[in-house]
């Protein structure tokens, strides 16, 4: 099977801070791949480079057969129709209702009639367990519901790939299990490809088909959850045992 997304020899730095010297990774259709690593290793940077929010300094990022590092900003629209991102903060519009938040990307991409958008809003809210929430405002939602609203908006365009940036951060155990269940359900129901950035090892071992670990400015490991459990590398076992920040506790996340 050919990869749907490939990072090859990617380099990225912010001033004197080198994030990647040679990041190389393949993601395959229909899988859920989680990306782990110490704070400050640039887990979220990979996602943002894929959809053009950040630019790689060198190397290639091929998505759907196209090297996105060569695209101009206006050329990213077709890619962003096929790749949706659930941001850590949710990136919701507090002044808009739940329905209006979900419709926002549909309007931006001129997707369907008003009646079709209403139907799509109803469908995706049902998928994330929030039926009849259309008229609520984000301020009226719990933290877990805001995450689910962000997820509903992410899947509204029926993307082929979903990028999850720390989807369970700040949630209680019940909501963490709920979000993990939704990641699994969407993969099965929509045959979607998922890339999950997380520091939560329960999430890693619950949702992943494969795991990639960032260490020393590269992808130091990529394999199944069983392979990472059995890995002889001390830095991997320390991270699994210690969770977030086990490697670089004082560095801010990128």
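The values are calculated or read from the model by the stated rules, or taken from the named source; none is laboratory data. Computed from a predicted model, the values in this text were never measured in an experiment. Note: ideal-geometry Cβ built from the backbone for every residue, glycine included; neighbour counts use all protein chains shown.
Summary table below
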item: Test result for residue 68, crowded, with 18+ Cβ neighbours inside 10 Å and more than 20 Å from residue 194 (Cβ to Cβ); result: no
item: Any hit, segment 68-81, residues being under 27 Å from residue 185 (Cβ atoms) and in contact with a helix residue (DSSP H, G or I) (Cβ under 8 Å, 6 or more places away or on another chain); result: yes
item: Residues (exposed (fewer than 15 other Cβ atoms within 10 Å of the Cβ), out of contact with any strand residue (DSSP E or B) (no Cβ under 8 Å at 6 or more places or on another chain) and not in a strand (DSSP E or B)) located in segment 6-52; result: 15, 16
item: Restricting segment 219-233 to residues that are closer than 25 Å to residue 12 by Cβ and surrounded by fewer than 17 Cβ atoms within 10 Å (Cβ to Cβ), the residue that is modelled with the lowest pLDDT; result: 233
item: Subset of segment 147-171 [within 17 Å of residue 104 (Cβ to Cβ) and surrounded by fewer than 18 Cβ atoms within 10 Å (Cβ to Cβ)]; result: 158
